[in-house]
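Asker: Pasting a structure here, questions to come.
Just so you know, all these numbers are worked out from the coordinates, no wet-lab data involved. Being a predicted model, the structure only gives us computed values, none of them experimental.
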Amino acid sequence: MLKIWYYGGVEYMKDAPAYFNNVYEDEWLEDNFVKEMILDVDNSKVISPHIIESPVLGAITPRELSGGVKVLILMLKDDSFVYNMSNCGNNCAKWIVKIAEKKDLIVYLQHMLRFTGEFEIMIMNTGKIVHNGKEYVNELLKAEEMVNEGKI
């Protein structure tokens, strides 16, 4: 299940893209799920763990991937930290949900990332599970109010 802390309540990795550059492992880039995320989010194809073909940049290394896809890979492969989902754009949202279907995933968020369709997300600030966009936005607003009032 995806569990989101909104604007408070948890310590989180502040610079996950830089952390990724120092800790990623070659086998992470051999995972088909990771390859799918890279293709979808960055429109780039993994040729080998050291070569990724970008339509904009040409041949790149994993260090040149977008910050969003780096955070997605860390969420999937490295449970050392709570990651800041705000490093991700809306194009990462479906992948975050898919990762959370594979394992419990606790993340931090500083903006309203757009999730579409039906899902199951717990807003940790309030303890409520939401299932659609309307419930999600309403619960984030309650969570933000709690933070602003110093309740978290």
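Asker: Using a/c under 1.5 as the rounded threshold, could you call the stretch 68-126 rounded, prolate or oblate? The axes a ≥ b ≥ c are square roots of the C-alpha gyration tensor eigenvalues, and prolate needs a/b larger than b/c, oblate otherwise.
Answerer: Note, shape of the stretch 68-126 comes out rounded.
Asker: Under a straight-distance cross-link criterion of Cα-Cα below 22 Å, which lysines are reachable from LYS128, leaving out those fewer than 8 residues away in the same chain?
Answerer: LYS3, LYS94, LYS98, LYS102, LYS103, LYS142, LYS151
Asker: Equivalent-ellipsoid semi-axes (√(5λ), Cα gyration tensor) for the chain, whole Å, largest first?
Answerer: On the way: eigenvalues 173, 47, 32 Å².
Those come to 29, 15, 13 Å.
Asker: How tilted is helix 32-42 with respect to the longest principal axis of the chain? Cα atoms for both, answer in degrees (0 to 90, nearest 10).
Answerer: That works out to roughly 80 degrees.
Asker: Helix 93-102 against the longest principal axis of the chain: what's the angle in degrees, Cα atoms only, rounded to the nearest 10?
Answerer: Result, in degrees: 90.
Asker: Here is a further query. Return the whole-Å distance between the Cα centroid of the stretch 1-31 and the Cα centroid of the stretch 102-152.
Answerer: First find each Cα centre; the distance between them is then 18 Å.
Asker: Still on this model: With n ≥ 4 as the cut-off for DSSP H runs, can you work out [θ] at 222 nm for the chain, using -39500 (n - 2.57) per run divided by the number of residues, rounded to the nearest 500? Don't skip to the answer; put the middle values down first.
Answerer: Details: 5 runs with 56 residues, N = 152.
Computed ellipticity for the chain at 222 nm equals -11000 deg cm²/dmol.
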